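The values are calculated or read from the model by the stated rules, or taken from the named source; none is laboratory data. Since this is a predicted model, take the numbers as computed values, not measurements. In this analysis, Cβ positions are derived from the backbone assuming ideal geometry, glycine residues included, and neighbour counts consider all displayed protein chains.
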Amino acid sequence: MNKQRFAARLFTRRFCPVNKPEIVIRSDAGALARKAAEQFVARANQAVTHAGRFAVALSGGSTPKALYSLLASADFRDRVDWSRAHLFWGDERCVPPDHLESNFRMVHETLLARLPVAPENIHRMPAEKEPSEAAAAYESELKTFFRLENAAWPVFDLILLGLGEDGHTASLFPRTTVLDEVKRFVSAIYVAKLQSYRLTLTLPVINAAAQVTFLVSGTSKAKIVREIFGSPEASFDYPAAKIRPSEGQLTWMFDADAAKELPPSIITEIGVAE
């Protein structure tokens, strides 16, 4: 196995993408989920061919939920070698795994319970523990899995993200100290407006991935999409705008409702992928 494939060098500068982001627009949320499933399959097979395994960080939310249901369906389930897929989480609420608000529970019900994924390939965040202890435990698990040496970040083959109406992604919320984290892989944060603790992968980990894909649907997301893409300097206040892979590819997948206020200049400059 090529060890270099699994680690990226540490850095503390602001993130500068090597590649332009890719924009994908589909007619509705169902078509968006199908496009995301096709990308998931392609990335999984590419990673297995190249490195013998596929490491993906999953997201919570209604749009990814539709994706997971598709992946477990007859159309997609046999197109991924699940014995070589390792499933991680990008963030989690600090609740037990069977809690109604648990991202793990949602993924388990829509995907894991319907697929032959070995327990050792499921790397959930231990969110039932004390938050700082849980973050440290998950960081240790990442270091072990990716066989990391000093001064390296884990390199996921794919990280799936959602987008909040306030511009947050994973559990990286505006004006929180976790946005300045440059050493830790995983942070425990208290989100005051939600009055709850969360666990989240940090910006450097997300920006070290080979592929980062946002899944964004619904009219309620149109305004924040416009603000993120309409003014690059102002948009950097939004955590989602800080997702700029240093060497990997960034893809934004929208349904038509979420993309309806996307500035025409952005579509002209970047183009819309098939």
**Asked** Does region 77-85 include one or more residues that are aromatic (Phe, Trp, Tyr) and either touching a Gly at 6+ places or on another chain (Cβ under 8 Å) or closer than 21 Å to Ala51 by Cβ (or both)?
**Response** yes
**Request:** Sort out which residues of region 13-62 are at pLDDT below 95, among the basic types (Lys, Arg) and in contact with a helix residue (DSSP H, G or I) (Cβ under 7 Å, 6 or more places away or on another chain), and write them in order of number.
**Result:** Lys20
**Request:** Output the residue which, of all residues in region 238-274 that are modelled with pLDDT under 95 and polar (S, T, N, Q), is surrounded by the most Cβ atoms within 10 Å (Cβ to Cβ).
**Result:** Ser246
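Rundown of residues vs (1) at pLDDT 95 or above; (2) surrounded by 14 or more Cβ atoms within 10 Å (Cβ to Cβ); (3) more than 19 Å from Ala170 (Cβ to Cβ); (4) under 16 Å from the mean Cα position of the chain (by Cα), yes/no style:
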residue	(1), (2), (3), (4)
Ser83	yes, no, yes, no
Arg93	yes, yes, no, yes
Pro97	yes, yes, no, no
Phe104	yes, yes, no, yes
Val107	yes, yes, no, yes
Asn121	yes, yes, yes, no
**Message:** Can you find a residue that is in a loop (DSSP other than H, G, I, E, B) and touching a Lys or Arg at 6+ places or on another chain (Cβ under 6 Å) anywhere in region 212-233?
**Reply:** no
**Item:** Members of region 51-97 that are more than 30 Å from Glu130 (Cβ to Cβ), in contact (Cβ under 8 Å) with a residue 60 or more places away in the chain and either of a type in the set (Val, Ile, Thr) or part of a loop (DSSP other than H, G, I, E, B) (or both)
**Value:** Thr63
**Message:** Being at pLDDT below 95, basic (Lys, Arg) and within 29 Å of Phe173 (Cα to Cα): is that true of Lys65 here?
**Reply:** no
**Asked** Of the residues that make up region 39-49, is at least one in contact with a Gly (Cβ under 9 Å, 6 or more places away or on another chain), assigned to a helix (DSSP H, G or I) and buried (at least 16 other Cβ atoms within 10 Å of the Cβ)?
**Response** no
**Asked** Is region 200-207 home to any residue that is farther than 19 Å from Leu158 by Cα and at pLDDT 95 or above?
**Response** no
**Request:** Hey, can you tell me all the residues within region 145-188 that are assigned to a loop (DSSP other than H, G, I, E, B), touching a strand residue (DSSP E or B) at 6+ places or on another chain (Cβ under 7 Å) and modelled with pLDDT of 95 or more?
**Result:** Phe146, Val155, Phe156, Asp157, Gly162, Leu163, Ala170, Ser171, Phe173, Glu181, Phe185
**Complete:** Counted residues in region 146-167 being crowded, with 23+ Cβ neighbours inside 10 Å and either among the charged types (D, E, K, R) or more than 11 Å from the chain's Cα centre (by Cα) (or both) come to 3
**Asked** Among the residues of region 184-214, which ones are of a type in the set (D, E, K, R) and free of Cβ contacts under 8 Å to residues at least 24 places away in the same chain?
**Response** Lys193
